[in-house]
Amino acid sequence: MFNHDPGQDALRGVQDRIFRQNEEVMQVWRSSQRRRPLMTLVYLGIMTGQRTGPREVSYVSEREELEGMAVAQYARMKASASTDGQALLRIVVANGGKQMRHAERTVELLAGLARRDPTVVGVVGLVESRTTTARALRRLNEVGLPAVAPTLSADGLHRNSRLYLQMVPPNADQAELVSAYATRVLDLSEAHLYYTTGDNSPLADDLYVNTLVTGLTDRLGEQATARPFRVGDSLGHECGYPGLLFFAGRYSEFDEFLEALRGCRNDPPLHLVADDSVNRYLANHQLRANAPGNLPVTYVSKAALAMCTRLVADAVADESRRRFLDLIRRDDLLGERRCVDGSGPPVGERVALAYDATMMLIAAVEQLAARLNVGSRPWDARAVSPVAVFTEVLRQNAAAAYPGVTGPTRFSADTGEPVEKRLSLMYVASVPQVDREPTEVFYCGRAQPEDPPGCHPAPATPTGDTG
């Protein structure tokens, strides 16, 4: 098990849950006379080395993504014993180190594991879009292991692997979302962009921040200026700024960014908007409690459709969201039940994205198994290769978008990036108010396959009890 730092009980808890479920999966598989398809996915994340402040719960992304995979694992493990065609999933947890600096070395170990264990069919995770991640993708491609990233979005990551898919749109789409909101809704033409890279790593090495800043400045034009923000910098000159004030950095510095604006209590900037990395900050209630209360924040979300109010509103008509909602409400799965009442913890957008990634790979294995008619004989994992699973995902996706919790996912045949996947701008009236769900104010992409394309102001927030 990775990470024994104080305050990481939730991360250790979900790892314990997965390891217990791995044991139960094998029991269920043996009781099926080994007929059910058995598959293994590797979660590759950053499990050590993150900088943790005195009020910060670190490894939030990794915990949420492991929770999403655990929910998918649970769903299939609890399927009817008579359903021989439903696959059983084991999960291996692997550590890429701080900022994925040791990911290439970890991939070498995973290559050896895949040679010894033919049930290994792919990798989920990778967490951060950095040059180290790109090198790991290249090595995964060389050893023939597909990679599905729940949240990676740097433009051009697909160039590193022919066996790569991502569940969220590229940064070019995020830049389009923000620029459309600024120009069409706020009627702004001027923008001040500030960026950070986490621990002051070079901008060129942080592919997420680099491509996001480039995309935004290209779309917003000459009236947009971009500059680095460093802890301790003063932002007093931004008080009352009437244009778009955009934080385009890593969440780890957003607390200090807000602190630098605290002096604007009587004259705050009018339009503070932040990238999707900031949702990791907003998930940390300890950090938010001490933030300035007079600074409304609008931020990008890659999984607004998986927020509790939206899940409850869509559960009747949308089977994927209803099933997911039922699972996260179980009292024998996640450490805390989600979406049970108005005071419960939020889902966490990476939970839903990792769940979608995992269930998509499970569906591919199940379809391959159905063609092999495995229900009539014991499962032979060598009959289904990792490349075959990746090819099956693409075949199914070419026929129809994957109907995920986070919206329909239709991959570009050229890039493996989703097309018209939902991206949202969420509004938080006061950062310290942790008991209120953010409100969607603007979005690009579809919630259902039949929805119109493009970017639109959000309709009124669904109402109703989340319990």
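Worth a mention:
- 3J(HN,Hα) from dihedral phi, region 311-320, Karplus parametrisation 6.51/-1.76/1.60, rounded to Hz, x for glycine, proline: 4, 5, 5, 8, 4, 5, 9, 10, 5, 4
- Positive dipole terminus of the chain, leading residue within Leu353, Tyr251, Val434 (C-beta point charges): Leu353
- Using the Cβ-Cβ distance between Ala204 and Gln33 with R0 = 60 Å, the FRET efficiency computed as 1/(1 + (r/R0)^6) comes to roughly 0.65.
- Converting phi to 3J(HN,Hα) with the Karplus coefficients 6.51, -1.76 and 1.60 and the offset θ = phi - 60°, region 441-447 yields 10, 7, 8, 10, x, 9, 9 Hz in sequence order, with x at every glycine or proline.
- Note on the chain: Kirkwood radius taken over Cα pairs, Stokes-Einstein applied at 20 °C and 1.002 mPa s, translational D equal to 95 µm² s⁻¹.
- Long-range HN-HN contacts of Val93 with modeled amide H, under 5 Å: Tyr43
- Each helix, a run of at least 4 DSSP H residues, gives -39500 (n - 2.57); summed and divided by the residues of the chain, these come to -11000 deg cm²/dmol at 222 nm.
- Compared with the alpha-carbon gap, the fully stretched path from Arg322 to Ala79 is longer by 85.9 nm at 0.36 nm per residue.
- The simple Förster model, with R0 at 41 Å and r as the Cβ-Cβ distance, assigns Glu450 and Arg115 a FRET efficiency of 0.40.
- Shape class for region 149-229: oblate, because the ratio a/c of the largest to smallest gyration tensor axis (alpha-carbon atoms, square roots of eigenvalues) is 1.5 or more and b/c is at least a/b.
- Karplus-derived 3J(HN,Hα), 6.51/-1.76/1.60, for each residue of region 89-94, Hz, glycine and proline x: 10, 9, 10, 9, 9, 10
- Region 239-298 shape via C-alpha gyration tensor axes, a/c threshold 1.5: oblate
- Cα centroid separation, region 273-332 to region 380-441: 16 Å.
We did not get these values from a lab; they are worked out from the coordinates using the rules stated. Source: prediction; values computed, not measured. Cβ sites come from the backbone with ideal geometry, for glycine too, and all protein chains shown count toward neighbours.
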